[in-house]
Amino acid sequence: MRDDPAITDRRRMTSIRVHRLRKSFGKVLAVDDLSFTVPEGTITAFLGPNGAGKTTTLRMLLGLVRPTSGEAVLGGVPYHELDRPLERVGAVLEATSFHPGLTAATHLEAVRIAAGLPAARVARVLEQVGLEAAAHRRVGGFSLGMRQRLALATALLGEPDTLILDEPANGLDPAGMRWLRGFLRAYAHEGHTVLISTHVLAEVEQIADHVVIIAAGRLCWSGPLAGAGLEDLYLEVAG
Amino acid sequence: MIPLIRAELLKARASRTTRVLVAVTPLFCALWACLPALMPAASDAVRMANVYNMAQQAYVFTMIIGILGMCGEFRHGTITWSFLASPRRGRVVLAKLAVYGLVGLVVSALSALATLVAGAALLSSQGHPALSADVPWVLTGAVLGSTLYALLGVGLGALIRHQVGAIALACLLFMYGDAFLAWLVPDVFRWLPTGAARALGGMRLDSGGELLPAWGGGLLFAGYIAAAVLAARFITLRRDITG
């Protein structure tokens, strides 16, 4: 048990740093000398046109894609060196990566067991994302929005202090969007860090306090979001 | 390692395909055992060997179970969750080897039992001798062989990653490829995976080509598994997971 959650959380805080990161797939240079830092305890919007290298960058942070050079570190170390990684970082990647034959609860249970987390976490995260009623339905019959919620539930299993989200608003209806916005606000309010890639500028503008914009694998702009409209800024630097 | 093994066990148990294959395999072996029981044979011993060797037919299913267990993760993209929970990828494969080895053992044992019951019942109903001192060895060899095929399936799955491709290649290789090579160069058969597995079952070939002793066949087959797993470890397992 933690004596004082606030203090423990501060000690556990996982900063995100990308330094001179490069990745080429064959002849295609997906990420080119990219450097940025995500301030702890902020919601940072990660923006850029399609094919800018956002997903590749996030996957390098999560140890799924190997950088050609440079580094992408969480709390100073690459993902694969994190001790009990799901308790540090939660990730939402594609909405479709579930076995269609498993129920939501079984999927979560498998990840929970693999990560050595307490049994009560499955019910808790299902409740957090509002999927209790669908817990024992097969994922194959889920809508895109429900899959997004299940992905977020999976990310939250380890009670991480950092969330890395790739287009989490995909497939969410207006009510789902509002729910996600409220959820992320509350999450960041607890001092946690969020790095979120999205194309829905109006949505992210309401919650983000920091922005990283990339295009063609390179950094265009990075800094706090203050005053000027996000759409104007985005179109000016990446448009 | 233990949490990963428990997680894999849960996934294996929850998969409908695996459950269907576990149920179908013993039936398949029992049906195959009926054929030689009803056919004329050179001697009672040969007829018995032909009947109980059908327990080895479980190998196709155990191999497919192993391949599905590994490739299914790539097919459905769930490998992302597995590698996020355990970034040391080799451990995920080791956990799968442990679990699908166990599943393979259960399927193989059930299949040997079904072969024994169906074969013995039919042989005695036809008035033939149904049991001999060799039968337990033949069945034990079949169980070991089919279990090892499940492990080979996991190794091939990790190496090839593409589910349909891995199943097609494995079936072609082990159902026809080895036999074709043996037809071209008979002496080579004992060194091929199929020859090694058959040596484990104590099976003798009609063509007269000598197999390795059972322990040699087992070791050789284990070597093939190790080769597949190591190749996967150093070639495909390191690859980027992009979707």
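Points worth noting:
- Of the helices (runs of 4 or more DSSP H) entirely within the stretch A:80-167, those holding at least 3 residues that are more than 13 Å from chain B (Cβ to nearest Cβ) and of a type outside the set (Ser, Thr, Tyr) occupy A:121-128, A:144-156.
- Single residue of B:122, B:105, B:152 found to be under 19 Å from residue B:31 (Cα atoms) and of a type outside the set (S, T, N, Q): B:122
- The listed residue being within 30 Å of residue A:92 (Cβ to Cβ), part of a helix (DSSP H, G or I) and not basic (Lys, Arg), out of B:111, B:82: B:82
- Residue pairs meeting the criteria (Cβ under 6 Å; at least 6 apart or on separate chains; first free of Cβ contacts under 8 Å to residues at least 60 places away in the same chain, in the stretch A:228-239; second buried (at least 16 other Cβ atoms within 10 Å of the Cβ) and assigned to a helix (DSSP H, G or I)): A:231/A:201
- Hits in the stretch A:117-127 (condition: within 21 Å of the chain's Cα centre (by Cα) and either among the aliphatic types (A, V, I, L, M) or surrounded by fewer than 17 Cβ atoms within 10 Å (Cβ to Cβ) (or both)): A:117, A:122, A:124, A:125, A:126, A:127
- Restricting A:171, A:182 to residues that are at pLDDT below 90 and either in a loop (DSSP other than H, G, I, E, B) or surrounded by fewer than 16 Cβ atoms within 10 Å (Cβ to Cβ) (or both) narrows the list to A:171.
- Contact map, the stretch B:220-232: first residue farther than 20 Å from residue B:188 by Cβ, second residue buried (at least 18 other Cβ atoms within 10 Å of the Cβ) and small (Gly, Ala, Ser), Cβ cut-off under 7 Å, separation 6 or more or different chains; pairs are B:229/B:155; B:229/B:158; B:232/B:155; B:232/B:158.
- On inspection, residue B:219 passes the criterion of being more than 30 Å from residue A:55 (Cβ to Cβ), modelled with pLDDT of 90 or more and more than 14 Å from every other protein chain (Cβ to nearest Cβ).
- Which listed residue is within 11 Å of chain A (Cβ to nearest Cβ) and either surrounded by fewer than 24 Cβ atoms within 10 Å (Cβ to Cβ) or within 23 Å of residue B:52 (Cβ to Cβ) (or both), from B:107, B:92, B:135, B:143: B:92
- Residue within the stretch B:133-142 that is free of Cβ contacts under 8 Å to residues at least 24 places away in the same chain and farther than 30 Å from residue B:71 by Cβ present: yes
- Meets criteria (polar (S, T, N, Q) and part of a helix (DSSP H, G or I)) for residue B:132: no
- Qualifying residue in the stretch A:37-49 (condition: at the interface with another protein chain (Cβ under 10 Å from one of its Cβ atoms) and either part of a helix (DSSP H, G or I) or of a type in the set (A, V, I, L, M, F, W, C) (or both)): no
- Qualifying positions in the stretch B:14-33 - in contact (Cβ under 8 Å) with a residue 40 or more places away in the chain and either among the acidic types (Asp, Glu) or surrounded by fewer than 17 Cβ atoms within 10 Å (Cβ to Cβ) (or both): B:17, B:27, B:31
- Long-range neighbours under 8 Å by Cβ, at least six apart or interchain, first residue at the interface with chain A (Cβ under 8 Å from one of its Cβ atoms) and free of Cβ contacts under 8 Å to residues at least 40 places away in the same chain within the stretch B:1-13, second among the charged types (D, E, K, R) and in a helix (DSSP H, G or I): B:10/A:109
- Any chance residue A:73 is surrounded by fewer than 22 Cβ atoms within 10 Å (Cβ to Cβ) and either part of a strand (DSSP E or B) or at pLDDT 95 or above (or both): yes
- Some residue of the stretch B:57-79 being among the polar types (S, T, N, Q), at pLDDT below 95 and closer than 30 Å to residue B:237 by Cβ: yes
- Residue B:69 being buried (at least 16 other Cβ atoms within 10 Å of the Cβ), within 14 Å of another protein chain (Cβ to nearest Cβ) and on the phi > 0 side of the Ramachandran plot: no
- A count restricted to the stretch A:185-239 and to residues that are surrounded by 19 or more Cβ atoms within 10 Å (Cβ to Cβ) and at positive phi stands at 1.
The values are calculated or read from the model by the stated rules, or taken from the named source; none is laboratory data. It should be emphasised that the depicted structure is a prediction, and the values quoted were computed from it without experimental measurement. Don't worry about glycine lacking a Cβ; one is built from the backbone with ideal geometry, like all the others, and counts go over all protein chains shown.
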